[in-house]
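All remarks here apply to the structure that follows.
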Amino acid sequence: MLHFSKISSKGKDFNIIASGALAFKIHNKILKEDCFQQDTSISRHMLLDNSSILASSPGQKKVFFVIISDLDKINTASLCRMISKERANGGYAVCQIIPMLYNEPSFRALKMLRQSFDEVLELGKFTINTSKVLVNTEQQNCIITDFSLSMARIMYQICVKDFTSAAAADTSRREREFAGV
């Protein structure tokens, strides 16, 4: 089962999809952050067949942030088809994987995800300055959650902010400098 949320602001949509218990906890924590609640509308859905909720609006490029913590229990092929279709329409998709098990089905799913997404981040064992692997699972989950929140904030800001006016102002300033005005 996939948990799908769409955060709409300034006519742009930022989509978060989560699969797995840890991914769902991170998904909920992201939606509770202040920066995602200001001047936005949030719609949440639980999907058994993920293609039904994502009716594409023509000309709108979508941004997707997918968090997966259970590769074995997700229908990866269906998710990859949907993301590939959105990418063909100019969308951008990042997948963050928190591997729980390393086995043959998860390796195949990971390969399929790498082919379908723009970026696939695999969060495994985290280390600290002494290069010791963190033993406590709770510490790893906290670090993973903080990383996920930061990644979601960055992607959301890039999705919602309109950089065209700043880029146009910068270009005209450079043109004036070049002309000696």
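Things worth noting here:
- Candidates in region 1-16 are the residues that are among the aliphatic types (A, V, I, L, M) and in contact with a helix residue (DSSP H, G or I) (Cβ under 8 Å, 6 or more places away or on another chain); of these, the one that is farthest from ILE68 (Cα to Cα) is ILE7.
- Looking only at region 141-171, and only at residues there that are in a helix (DSSP H, G or I) and charged (D, E, K, R), the one that is modelled with the lowest pLDDT: ASP170
- Residue count, region 2-35 (criterion: touching a residue at least 60 places away in the same chain (Cβ under 8 Å), on the phi > 0 side of the Ramachandran plot and surrounded by fewer than 17 Cβ atoms within 10 Å (Cβ to Cβ)): 1
- Selection of first residues in region 36-57 that are more than 13 Å from ASN15 (Cβ to Cβ) and part of a loop (DSSP other than H, G, I, E, B) and of second residues that are modelled with pLDDT of 55 or more and among the basic types (Lys, Arg), restricted to Cβ pairs under 9 Å at least 6 apart or on distinct chains, gives the following pairs, ordered by first then second residue: ASP39/LYS10; SER51/ARG81; SER51/LYS85.
- Subset of region 71-94 (residues that are within 20 Å of ARG108 (Cα to Cα) and not in a helix (DSSP H, G or I)): LEU71, ASP72, LYS73, ILE74, ASN75, ALA93, VAL94
- Residue selected from region 106-127 under the condition loosely packed, with under 12 Cβ neighbours inside 10 Å and touching a Leu at 6+ places or on another chain (Cβ under 8 Å), by the criterion modelled with the lowest pLDDT: THR127
- Exactly one residue out of GLY20, GLY91, GLY59 is more than 14 Å from the chain's Cα centre (by Cα), modelled with pLDDT under 90 and over 19 Å from GLU122 (Cα atoms): that is GLY59.
The values are calculated or read from the model by the stated rules, or taken from the named source; none is laboratory data. Computed from a predicted model, the values in this text were never measured in an experiment. Cβ: placed from backbone, ideal geometry, glycine included. Neighbour counts: every protein chain shown.
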